[in-house]
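The values are calculated or read from the model by the stated rules, or taken from the named source; none is laboratory data. Owing to the predicted nature of the structure, the values given are computational and were not obtained by experimental measurement. All Cβ positions, glycine included, derive from the backbone under ideal geometry; neighbour counts span all protein chains shown.
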Amino acid sequence: MTATLSILIYHRVLARPDPLFPGEVDAAQFERQLRLLKRFYTPLPLGAAVQRLQDGSLPPRAACITFDDGYADNAQVALPLLQRHGVHATFFIATGYLDGGQMWNDTVIAAVRQAAGPVLDLRAHALGTLPVASLAQRQAAIATLLERLKYLPFARRQQLAMHIRRQAGATAGPPAMLSTAQLRQLHAAGMELGAHTASHPILSTLPERAARLDIANGKGQLESLIQAPVTLFAYPNGKVGRDYGAPHVAMVQNLGFRAAVATDRGVARPGAGLDLLQLPRFTPWDRGRLAFLWRLRQNRRQAPPARPDAG
Ligand SMILES: [Zn+2]
């Protein structure tokens, strides 16, 4: 059997379930997934897995846990569970949001969560009037707004998110991102930290110079905070051809990253098709035990996506 590397994507591990996001992983669910991974897979640090992909020593069902963006619950909730189970994870940090920052999507979520209702009137910003009387309507409003804003030019997206907050009469809500102290705590615990840009733009929406600068800044800031080299990178949003392309792969290579992860589904295998600068990853969110394992298995059967040439 060919060895395969399954790389799992997480963002948050909530201390307790959030009714607004019933699909989000919480502590109990994360712990169940760790148990399943230990039992049926061989969890490895991503850096070690990359090395073993290269030298042909990858075990048959290797798996890596990765976290994107840098949420505080990664240190508060996920880290103690990872330590309890002796499982390693890699955390990709968007450095611009450390110490009290807020990503645009969280600004929108906080606004809709707090909106007094029964409607959120965003006609002034050409976003219509969204009903927010019930939980289901709030969920639908969040999905609609995230979809509408996601691919707007970076500055416009930030600006609209702030408009929505004001219109909802909302505050930022409690800070959700890591502090520098928590970041160092992850590093001191032996977890791997990877770069994820500074401001988390969708790279393909930026001029190339700005994209390169944001990738370089994220790497530099992270290295100076932890006083260690950062050699792993995750493309924001991460779909090849839509969120990043060949020029960004070349930037990542030229900036000295050893490996990078995308969000296209599938597994990495040693051999001719292996591209360490575009490793596939997938999100295994699912409530049930069998569904989680089934998703991992389906993902291993995924055909490799078409990749642009790294150049
Ligand atoms: Zn991200």
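Summary of computed values
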{"item": "Filter result for Ala161 (within 18 Å of Gly101 (Cβ to Cβ), crowded, with 19+ Cβ neighbours inside 10 Å and in contact with a Lys or Arg (Cβ under 6 Å, 6 or more places away or on another chain))", "result": "no"}
{"item": "Segments classed as strands (runs of 3 or more DSSP E), wholly inside the range 57-173, with at least 3 members that are on the phi > 0 side of the Ramachandran plot and touching a residue at least 24 places away in the same chain (Cβ under 8 Å)", "result": "none"}
{"item": "Subset of the range 92-127 (residues that are more than 16 Å from the ligand (Cβ to nearest atom), over 18 Å from Pro19 (Cα atoms) and surrounded by 15 or more Cβ atoms within 10 Å (Cβ to Cβ))", "result": "Val119, Leu120, Leu122, Leu127"}
{"item": "Residues (crowded, with 20+ Cβ neighbours inside 10 Å and more than 16 Å from the ligand (Cβ to nearest atom)) located in the range 67-76", "result": "Ala75"}
{"item": "Residue in the range 270-289 that is nearest to the ligand (Cβ to nearest atom), counting only those that are surrounded by fewer than 17 Cβ atoms within 10 Å (Cβ to Cβ) and farther than 27 Å from Leu36 by Cα", "result": "Gly273"}
{"item": "Only listed residue being surrounded by 23 or more Cβ atoms within 10 Å (Cβ to Cβ), within 16 Å of the ligand (Cβ to nearest atom) and within 25 Å of Leu81 (Cβ to Cβ), chosen from Val261, Val267", "result": "Val261"}
{"item": "Candidate set: the range 224-235, residues that are crowded, with 16+ Cβ neighbours inside 10 Å and not aromatic (Phe, Trp, Tyr); chosen: the one nearest to Thr180 (Cα to Cα)", "result": "Leu225"}
{"item": "Those residues of the range 261-281 which are basic (Lys, Arg) and more than 9 Å from Pro304 (Cβ to Cβ), in sequence order", "result": "Arg265, Arg281"}
{"item": "Residues of the range 206-220 satisfying the condition of being within 16 Å of the ligand (Cβ to nearest atom) and buried (at least 18 other Cβ atoms within 10 Å of the Cβ)", "result": "Leu206, Ala211, Asp214, Ile215, Gly218, Lys219"}
{"item": "Any hit, the range 233-245, residues being in contact with a Gly (Cβ under 8 Å, 6 or more places away or on another chain), in contact (Cβ under 8 Å) with a residue 12 or more places away in the chain and away from the ligand (no atom under 16 Å from the Cβ)", "result": "no"}
{"item": "Any hit, the range 143-155, residues being surrounded by fewer than 14 Cβ atoms within 10 Å (Cβ to Cβ) and closer than 30 Å to Val50 by Cβ", "result": "no"}
{"item": "Hey, Gly256 at pLDDT 95 or above and within 17 Å of Ala94 (Cβ to Cβ) or not", "result": "no"}
{"item": "Extreme residue, farthest from Leu58 (Cα to Cα), among residues of the range 6-30 that are among the charged types (D, E, K, R), surrounded by fewer than 17 Cβ atoms within 10 Å (Cβ to Cβ) and away from the ligand (no atom under 16 Å from the Cβ)", "result": "Asp18"}
